[in-house]
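Enquirer: Before we start, here is the structure in question, set down as structure tokens.
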Amino acid sequence: MLNADHARQAIVDHTRRLAESAAAAGPDAAVPTTPDWTVTKLVEHVGQTQNWVAEMIEQRITDPAKLPTEVEVLPAEPGEWPAWLAASARRVADACAEDVPVFNAAGDGRTGVQFWLTSQLNEAVVHGFDAAAAAGRAAEVDAEIAGALIENHLAMLTSPTWAMRRAESAQAIRGRAGAAVAGDGRWRVGRRTAA
């Protein structure tokens, strides 16, 4: 499991890289990995999501019927986006510093803050790759973070919330997730049947 402090810092770092790639690509650039999105939509999505999650955690919302309905407005001037994204990333990272009771959308065994911390790290990393693709840049993620996000994805695909909608697929991959880089540099990803 990824250390929470490492995950929080990684959200900030990957959001900064996303902002750098977004600036290099320009606001109207198409995002090849996210059809129908421009860089503007990508930046808006990331900043709004980070602020929305931070608000939910700050308000300690446990009831999904009371989730925030307002979203932050993307600054009109692209030159303001890096500071806006830096603030949203820091806000959500700080909100995740304390494991307070909060709604967990997966409905699994994690606390709400654990769920949202990993979710927001995933958003920053994946959309950082999207922004890099729009700018024609390479993007990197360290193996520990990549492994944690793969494990998180597999956990999401077997979560109670997913199982309510896709019971057959959730049951087919049920078990304990694992992802790691072997000594030869190749990834090993799998699930072990729960005992």
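The values are calculated or read from the model by the stated rules, or taken from the named source; none is laboratory data. Only a predicted model underlies this, so the values are computations on that prediction, with no experimental measurement involved. When we count neighbours, we look across all protein chains shown, and the Cβ atoms used for this are built from the backbone with ideal geometry, even at glycine. The accessibility values were calculated without ligands, DNA or RNA, using every heavy atom of the protein model including side chains. Shrake-Rupley method; radii C 1.70, N 1.55, O 1.52, S 1.80 Å.
Enquirer: Any number yet on Rg/Rh for the range 8-108, C-alpha, Kirkwood?
Expert: 1.00
Enquirer: Among 93-100, 127-134, what's the highest-first ranking by average C-beta atoms within 10 angstrom per residue?
Expert: My ranking of the peptides, most packed first, is 127-134, 93-100.
Enquirer: Taking all protein chains as present, what is the carbon and sulfur share of the accessible area of the range 49-132, in % to the nearest whole number, probe 1.4 Å?
Expert: 55 percent
Enquirer: Right, another one. Sorted by packing (mean other beta-carbon atoms within 10 Å per residue), highest first, where do 7-18, 61-72, 78-89 land?
Expert: With the highest mean Cβ count within 10 Å placed first, the list reads 7-18, 78-89, 61-72.
Enquirer: Based on alpha-carbon centroids, what's the gap between the range 8-33 and the range 96-114 in Å, whole number please?
Expert: If we compute the Cα centre of each part, the gap is 26 Å.
Enquirer: Same structure again: How much accessible area per residue does the range 1-68 have, in Å², with a 1.4 Å probe?
Expert: Accessible surface, normalised per residue, equals 50 Å².
Enquirer: So how much slack lies between residue 137 and residue 90, counting 0.36 nm per residue of separation and subtracting their Cα-Cα distance, in nm?
Expert: The residue 137-residue 90 span can extend by a further 14.5 nm.
Enquirer: Moving on to the next point. Among 110-116, 23-29, how do they line up from the highest to the lowest mean number of other beta-carbon atoms within 10 Å?
Expert: 110-116, 23-29
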